[in-house]
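Shown next, in structure tokens, is the structure this report addresses.
The values are calculated or read from the model by the stated rules, or taken from the named source; none is laboratory data. All values derive from a computational prediction rather than experimental measurement. Don't worry about glycine lacking a Cβ; one is built from the backbone with ideal geometry, like all the others, and counts go over all protein chains shown. Just the protein is used for accessible areas: all its heavy atoms, side chains included, with ligands, DNA and RNA removed. Shrake-Rupley method; radii C 1.70, N 1.55, O 1.52, S 1.80 Å.
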Amino acid sequence: MREKIVAGNWKMNKTFLEAEEVLSEITDLLSEREDQDAKVIVCPPFVFLELAIDLSYEGQFDVGAQNVSEYEKGAYTGEVSAEMLRSMDISYCIAGHSERRKYFHETDEMIKNKVDGLLRNNISPIFCCGEALSEREASKHFSVVKTQLKKSLFHLPADEFQKVIIAYEPVWAIGTGVNATPEQAQEMHAYIRELIEQKYSKEIAGNTTILYGGSCNAANAHALFSNPDVDGGLIGGASLKAKDFAAIASALH
Ligand code: PEP
């Protein structure tokens, strides 16, 4: 189902006490929102998932994980399985983030396995796709995103695909302070929706949630979210401060 969503990706930040403090602040600030239409998801590091779930009891935000193992279970030291996440009532998990593709050498095939594992456990993947700067400069951004979708998502049957949230995150915009312009975001989101229509149907394309990610902040969120094909954002740096994150969530209506 197409939803308005603002999701925060904390990456590898915060201590236990800092996490507790910011989550309490987020709860207070979000409860003051006039428009409660948008769903808010917080994705802290694994070790704070239980804390976040405990603090989500007031219903102001949902909790997601940042990563999952591509394996089901067994001798994979340090890994966390989709089944484990499900057993903690986690409903969302990021997959295919560009930092995991770059620093942990995740391939489209590995990401496909993660997506499949999450869906087997009824967890919605927040699937990240997006081109590097050199690829945009070479006008390859559309084909790069198309390949990522084809290789890691488009094998899914329609009923499973409909549980996926897509996040378009141009790599050159992540953590750089240079966001895609609202026009660039809209153009790519419309293209992604067109690809979904070709692969599945117009109805499914219209029902898919497509988020924008990359240096989205309180100042530019409204302009980005005002586009017809932008359903919200995946927020990195600006999700670490409760005030900024709540302001971004309020920009989505
Ligand atoms: C991200 O890491 O998903 C992201 C969008 O980061 P930032 O908002 O910091 O660019």
When you scan the stretch 121-154, how many residues do you find that are assigned to a helix (DSSP H, G or I) and either closer than 16 Å to L234 by Cβ or more than 16 Å from the ligand (Cβ to nearest atom) (or both)? 15
Any chance the stretch 131-148 includes a residue that's hydrophobic (A, V, I, L, M, F, W, C), free of Cβ contacts under 8 Å to residues at least 24 places away in the same chain and open to solvent by less than 50 Å² (accessible area, probe 1.4 Å)? yes
Filter result for E79 (acidic (D, E) and touching a Lys or Arg at 6+ places or on another chain (Cβ under 8 Å)): no
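Go through the stretch 55-84 and count every residue that is open to solvent by 90 Å² or more (accessible area, probe 1.4 Å) and of a type outside the set (S, T, N, Q). It would help to see each step written out before you state the result.
Here is the first cut: in the stretch 55-84, the residues open to solvent by 90 Å² or more (accessible area, probe 1.4 Å) are 57-58, 71-73, 75-77, 83-84.
Now drop any that are not of a type outside the set (S, T, N, Q), which leaves 57-58, 71-73, 75-76, 83-84.
Total satisfying the criteria: 9.
Restricting the search to the stretch 53-100, which residues are in a helix (DSSP H, G or I) and either in contact with a Gly (Cβ under 9 Å, 6 or more places away or on another chain) or away from the ligand (no atom under 16 Å from the Cβ) (or both)? Show your work before the answer.
Pass one, the stretch 53-100, residues in a helix (DSSP H, G or I): 53-55, 82-87, 98-100.
Within the stretch 53-100, I53, D54, L55, A82, E83, M84, L85, R86, S87, S98, E99 meet the criteria.
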Unmet requirement for Y212, which otherwise passes all of (1) without any contact (Cβ under 8 Å) to a residue 60 or more places away in the chain; (2) within 13 Å of the ligand (Cβ to nearest atom); (3) open to solvent by 20 Å² or more (accessible area, probe 1.4 Å): (3)
If the Cβ limit is 6 Å and pairs must be 6+ apart or interchain, which residue in the stretch 157-181 that is more than 16 Å from S201 (Cβ to Cβ) pairs with which residue that is surrounded by fewer than 16 Cβ atoms within 10 Å (Cβ to Cβ) and of a type outside the set (S, T, N, Q)? W172/L133
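What about A242, is it open to solvent by less than 30 Å² (accessible area, probe 1.4 Å) and closer than 20 Å to Y92 by Cβ? Give the steps one after another, and end with the answer.
Details: open to solvent by less than 30 Å² (accessible area, probe 1.4 Å): yes; closer than 20 Å to Y92 by Cβ: yes.
In short, yes.
What number of residues within the stretch 85-104 are of a type outside the set (K, R), within 30 Å of Q36 (Cβ to Cβ) and open to solvent by 60 Å² or more (accessible area, probe 1.4 Å)? First the steps, then the outcome.
Keep residues of the stretch 85-104 that are of a type outside the set (K, R), which gives 85, 87-99, 103-104.
If we keep only those that are within 30 Å of Q36 (Cβ to Cβ) as well, we get 85, 87-97.
So of that shortlist, the ones also open to solvent by 60 Å² or more (accessible area, probe 1.4 Å) come out as 87-89.
Looking only at that region, the number is 3.
Quick check on my filter: what residues within the stretch 215-232 are open to solvent by 40 Å² or more (accessible area, probe 1.4 Å) and either within 16 Å of the ligand (Cβ to nearest atom) or under 27 Å from A19 (Cα atoms) (or both)?
Of the stretch 215-232, the ones open to solvent by 40 Å² or more (accessible area, probe 1.4 Å) are 217-219, 222-223, 226, 228.
Scanning the stretch 215-232 gives N217, A218, A219, H222, A223.
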Here are some conditions: (1) more than 10 Å from the ligand (Cβ to nearest atom); (2) open to solvent by less than 10 Å² (accessible area, probe 1.4 Å). I235 meets all but one. Which one does it not meet? (1)
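Let me confirm something: among T181, T176, which residue is surrounded by fewer than 16 Cβ atoms within 10 Å (Cβ to Cβ), closer than 24 Å to H253 by Cβ and within 16 Å of the ligand (Cβ to nearest atom)? Before the answer, list the steps.
Numbers: T176 fails: closer than 24 Å to H253 by Cβ.
Exactly one of T181, T176 is surrounded by fewer than 16 Cβ atoms within 10 Å (Cβ to Cβ), closer than 24 Å to H253 by Cβ and within 16 Å of the ligand (Cβ to nearest atom), namely T181.
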For the stretch 1-22, give me each residue that is out of contact with any Phe, Trp or Tyr (no Cβ under 8 Å at 6 or more places or on another chain), farther than 17 Å from G232 by Cβ and either assigned to a helix (DSSP H, G or I) or not hydrophobic (A, V, I, L, M, F, W, C) (or both). K11, N13, T15, L17, E18, E20, E21, V22
Selection count where residues are open to solvent by 30 Å² or more (accessible area, probe 1.4 Å) and touching a helix residue (DSSP H, G or I) at 6+ places or on another chain (Cβ under 9 Å), scope the stretch 149-163: 7
Out of all the residues in the stretch 184-209, which are of a type in the set (V, I, T) and either more than 16 Å from the ligand (Cβ to nearest atom) or open to solvent by 60 Å² or more (accessible area, probe 1.4 Å) (or both)? I192, I196, I204, T208
